[in-house]
Every structure is written in structure tokens, then in C-alpha cells.
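Step one of this worksheet: look at the structure below.
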């Protein structure tokens, strides 16, 4: 077993191992097909997901509308296919933003002891507020838009990243190669970026997938409660939220977006679990 | 022991301080003038001015914080903008359904997860173990409201054995209470259950490889006792930890589940407050939930010291 601090060369040699892992394969394929569906949405027999046709309200499935229409006569199938776009986009944006902010803070707090005490207390405090509540409270501050939802979902995720990066930095900075770099006069930013940062890649990749999955779930939850994305945007959370009023007469309005949502999150989780198992078994303990 | 408890309590001070600053800033950071937001769209200048003075919004931010925090220390969470009822009273009115649901979920999840995780850990690689791992990935992937609607569809709409929505207090009888709380409990409990079961499995599995397990087997202890007395008992600490961490999951879930099942609890209160931008109520509920979360985890931390004499800081 190679250590976390091993140079990137070793990671390259391990590549085949995680590409043959069953859950990486299944999860990866699932995500790939949903991502392709999101990109190719206009080619998949869809119509404009926002087109309102009052004459077609709440119609059952037919050749025209494969999964029927919703309260406003919009095509349920098209909305669900286009919904993949907003979920995946928000998941990726939040994961990227949380990782960037968390890595910066984590590197600094792990390396400079005097910053550590202050930042970690703030992170402890943020972690004491349940993620979902903090996110809805933040969204409630401003009018709902894609931008505010991304910011509101990013902030609660940052402490997890900071903790993980900090724990890696604390171990790695005691390694002989860091000591060697210091002794030959390497500048501090260079030590952080060139010598310490690469050790965080493997655990961050795993954490990134989990953040992506949890973000998609939380975003759907926010939209479900009516505090997420603006209702005109076709998103799975919005569809479930609108459909729940008619759940007893037309459960398909809730079930189709739910199925897509669950499959997406399942795919990401499988991918994350597989990466965790193959990249470094000890990562699980850090989380 | 006493000094250990005191140290843990002192460690809470910065956490509580940060939480209260964040919650305080929530309202102050909102774009625009909070007095205008509170007064609503049709308020005239005089009303806005009155609200500003009465809430102390014309004072410096730091003074505002101390006034707010001072009131908080006396248990004053402020007054709802819409109903003019004190926030603490609103929370108390709604506490029973939420507390009932949280307790039934906690009991359900632990009672199912610990034995399941233990058996899976002791028989790693068996069909039960594989099945549990599969269910656990599914459990983490299905949004709590989706699961809620699936269960309503099967048990309430198709089989018609349980009511679709609502809540009956235990004072109205055990029958109605259980029939209304069964679906929300299972829905809310699934993610929590798989989380606990996974950790139980992992830590029991880790213990099964320890020397003392071999010793116990060598001296002829029955396998069932090896697992329960020796492996599970030593695996207790990570299990307790995850039960504490999982309370956050429970809190997030309650907020959504109360909407799905139309339960008039604290979760529903905060969702309504968010839709109406009733900031004092939002602040009060977040403080309450964070307080519960911090206290549960403090209790668990202290619990370690009782359970395991080796834990001393």
C-alpha cells in the first residue's frame, strides 16, 4: 500500500485499478449517460420544456407527450430531460467552488499554526448549523436565482473540505521531502502548491463526488420546499414540488423527475465509493 | 471526570459564539434595509422608522449584536414579524410533533441498524452483507421526499392501510399516533439507518480481526457472544459518534418530511417563515436546531468517558 504522500507517478500506475472497479464502472456509466442526456436534450424527442399550453393541462401520457403534461400543459418528459442540466450544472459548480475555497483555506490553516485556531473555530461553528438549514436560510436572504443557490449551497460544504485538506497538510508537512524543500530555500507558496497540494488530490476527488451528490439532493430539497431555483427553470426539485399537489391523481408528475434524481445521485455515490476504495482505503477514515 | 466535562463545556463557547454571530448576520447581510424588509412593501416612511428604532437598527452593528445576544441569553428569541407572537412560544407550540417524530426515528433507526450492521460485519461477504451494502447506497441516493411519496403511494393510495398525511398526538391514543407517524418515521429513518448500519458493520468488521477476538474464540466463547460481548462492545464508540453526527441528517430531514406529510412541527414553521421572510423565526429555529445538535454531540462526547475508561483528554 502506498502512502497518501506518494508522488503523482504512483497515482498514474494505479489508474487501471480504479477503472476496473465495479462500482466505478456502474456509477461512471450512469453519470455519463445522464450527462449525455443533459447535453443532447434537444435531440431526444423533446419539445420546449417551458412552453405553456393551457389546452393540454394535466393530460395523461400519449404519443404527443410520452409522460403526459403538467398543470400548465408543459411536457413532463421534456422538462425531466432538461432538468438534468440544472442539477448537474449546480452540482458541478458547487463542488468546484467548495473545493477551491476549501483547499485555499485548508492549505493556509494547515501550514500556518496561528491562522489555524481562528479558522477552525469558525469552521466548527459553521458545522454546528445543519447544512440544509444553513442553505435554506442563505437562499431566503436573496431572491432565488441560480447564482444565489450556488453560493448558498457552497458555504455549508466548505468546512468539510477545509478539515480534510488541513488533516492532509498536517501529516504531509512533517514529511522529510517538505523539510528538504524548506532547507534548500523553496518559497512557502511553492511548498504549499508543488509539494503539499498534490497529496490532497486523491481524497479531494472522493470528497468532490460526495459534495456533488449531496448538493444535487439539497438543491432538489430547496426547490421542493419552494425556496430553490425560480419555478420557471425546469429542475427536478421544481417538478416534484409542483407535482405534489396532484400526487393523488397523477403520481407520474412526481415519479419521473424523482427517478432521474435518484439515478443521478446513485451514480455519483457509486463512483465516489469506488474511487474511495481504490484510491486510498484510509480516506474513509478522514471523512 | 469533572475537569473533562468542564473542558468540553468550555470548548463549546467558541462554537456557540460563531453560531450566534452567523445567525445574527443572516438578517443583517440580507440585501436592502432590514427595516424595509420587515415592514413589507406597503409601509410608509414613519412605520419603517418606528421599526428601525424599536429593533435598534439605527445603532452600530456591534451594539446591535450585543443587544440581540443579551436578549438571547435570557431566552428571548425575538418576536415573529407576521404574527407578533414571541418566537420561543411559536417553537414551543410546534415542538411536540417534531420531537415525537425525531424520537421514533431515532429508536427505529438504532433498533434496526445496530443488529443489522453487527450481523453484516460479523459475516462480511455474505449475502446479507452484500444486500445491506446495496441498500445503503440506495438509501443515500433517494431524496427523503421522494421516498416519502413512494411510501404514500404504496401504503396509503394503493393498499390504503395508512393515512396519507397528518399528525395525531400520542394523547389522542397510541393507535392513531402510530398510524400517522409510521410512514414519516420510516422515510426519515432510512438514510439515518443505513448510515449507522454502515459504520456498525465497518467497526465490528475491524474488531473481528483483533487479537482479543481470537483469544475469546480460543477459550471457547460461543460465536454469538464473541460478536455481541467482545466485538460490538468495543465497536461502540464509532457507532455512538455516527449516531450523533447523523442528528444533522435527522434535522435536515425533518424540515422536508413535515412538508411531505403535512405535520405541523418546527420544520414546517421554519419553511413557512422562510417563504414569508420572517427572519426572527428563521433565526430562532436555526439556533434551536444547532443547539440541539451541539448538545447531543456534547452528551455523546461525555458518554465516551463513561463507556470507555481509556478516553481521557
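Tabulated results
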read-out: Qualifying residue in region B:82-97 (condition: part of a helix (DSSP H, G or I), free of Cβ contacts under 8 Å to residues at least 24 places away in the same chain and more than 30 Å from residue B:20 (Cα to Cα)); value: no
read-out: Residue tally, condition closer than 15 Å to residue A:160 by Cβ and without any contact (Cβ under 8 Å) to a residue 40 or more places away in the chain, over region A:97-123; value: 3
read-out: Exclusive hit being assigned to a loop (DSSP other than H, G, I, E, B), in contact (Cβ under 8 Å) with a residue 40 or more places away in the chain and over 30 Å from residue A:236 (Cβ atoms), set B:120, B:168, B:124; value: B:124
read-out: Verdict on residue B:269 being surrounded by fewer than 22 Cβ atoms within 10 Å (Cβ to Cβ) and either at the interface with chain A (Cβ under 8 Å from one of its Cβ atoms) or at pLDDT 90 or above (or both); value: no
read-out: Qualifying positions in region A:216-244 - more than 8 Å from chain B (Cβ to nearest Cβ), more than 20 Å from the chain's Cα centre (by Cα), without any contact (Cβ under 8 Å) to a residue 40 or more places away in the chain and assigned to a helix (DSSP H, G or I); value: A:241
read-out: Helices (runs of 4 or more DSSP H) wholly inside region A:76-182 that include at least 3 residues being surrounded by fewer than 21 Cβ atoms within 10 Å (Cβ to Cβ); value: A:76-111, A:113-128, A:146-172
read-out: Search result, residues across region B:9-49 that are at pLDDT below 80, within 9 Å of chain A (Cβ to nearest Cβ) and in a helix (DSSP H, G or I); value: B:26, B:27, B:29
read-out: Per-region count, region B:178-228, residues outside any helix (DSSP H, G or I) and free of Cβ contacts under 8 Å to residues at least 12 places away in the same chain; value: 5
read-out: Residue match in region B:237-248 (condition: facing chain A (nearest Cβ under 10 Å), out of contact with any strand residue (DSSP E or B) (no Cβ under 6 Å at 6 or more places or on another chain), surrounded by 19 or more Cβ atoms within 10 Å (Cβ to Cβ) and at pLDDT below 90); value: yes
read-out: Residue list for region B:253-264, filter: within 9 Å of chain A (Cβ to nearest Cβ) and touching a residue at least 60 places away in the same chain (Cβ under 8 Å); value: B:253, B:256, B:259, B:260
read-out: Hey, residue B:309 surrounded by fewer than 15 Cβ atoms within 10 Å (Cβ to Cβ), outside any helix (DSSP H, G or I) and either away from every other protein chain (no Cβ under 14 Å) or in contact with a strand residue (DSSP E or B) (Cβ under 6 Å, 6 or more places away or on another chain) (or both) or not; value: yes
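Matching residues to (1) away from every other protein chain (no Cβ under 14 Å); (2) under 30 Å from residue A:24 (Cα atoms); (3) surrounded by fewer than 17 Cβ atoms within 10 Å (Cβ to Cβ):
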{"residue": "B:121", "(1), (2), (3)": "yes, yes, no"}
{"residue": "B:145", "(1), (2), (3)": "no, yes, no"}
{"residue": "B:155", "(1), (2), (3)": "no, no, no"}
{"residue": "B:158", "(1), (2), (3)": "no, no, yes"}
{"residue": "B:178", "(1), (2), (3)": "yes, no, yes"}
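The values are calculated or read from the model by the stated rules, or taken from the named source; none is laboratory data. Keep in mind that what you see is a predicted model, and the values were worked out from it rather than measured. Note that we place each Cβ from the backbone using ideal geometry, even for glycine, and neighbour counts take in every protein chain shown.
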